[in-house]
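Written below as structure tokens is the structure these notes are about.
The values are calculated or read from the model by the stated rules, or taken from the named source; none is laboratory data. From a predicted model like this one, the values you see are computed outputs, not experimental measurements. Ideal geometry is used to build each Cβ from the backbone, glycine not excepted, and the neighbour counts take in all protein chains shown. When the accessible area is computed, the model is the full protein with side chains, heavy atoms only, and any ligands, DNA or RNA have been set aside. Shrake-Rupley method; radii C 1.70, N 1.55, O 1.52, S 1.80 Å.
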Amino acid sequence: MDDYLKCKASNDNPNDRYALPNNDKIQYAFHIKPLKSDTLQRGIVQPANDRRGGGKEAYFANGTSAGTFLGQTPY
């Protein structure tokens, strides 16, 4: 959530920050609260697709448990 707020506050382009492969407008930020049993890997987005990267990322190889979706916020 803090990376989303930082991106919004500084008007940082999420397509660049998350090295997305296209220029589609980001419509929503999805908010989840994973359980302690939900295994995740944290990292920093590496440059790719001619974009700089640098955003925080979380990868859930097995997804998250039921009921962890809190909602979405229009971007």
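Inside the stretch 1-18, residues that are without any contact (Cβ under 8 Å) to a residue 12 or more places away in the chain, open to solvent by 90 Å² or more (accessible area, probe 1.4 Å) and not in a helix (DSSP H, G or I) make up a count of 1. Under the condition of being part of a loop (DSSP other than H, G, I, E, B) and either surrounded by 13 or more Cβ atoms within 10 Å (Cβ to Cβ) or touching a His at 6+ places or on another chain (Cβ under 9 Å) (or both), the residues counted in the stretch 50-64 number 6. Taking into account only those residues within the stretch 19-48 that are within 12 Å of Y75 (Cβ to Cβ) and open to solvent by 50 Å² or more (accessible area, probe 1.4 Å), which is nearest to the chain's Cα centre (by Cα)? Ranking the qualifying residues of the stretch 19-48, first place goes to F30.
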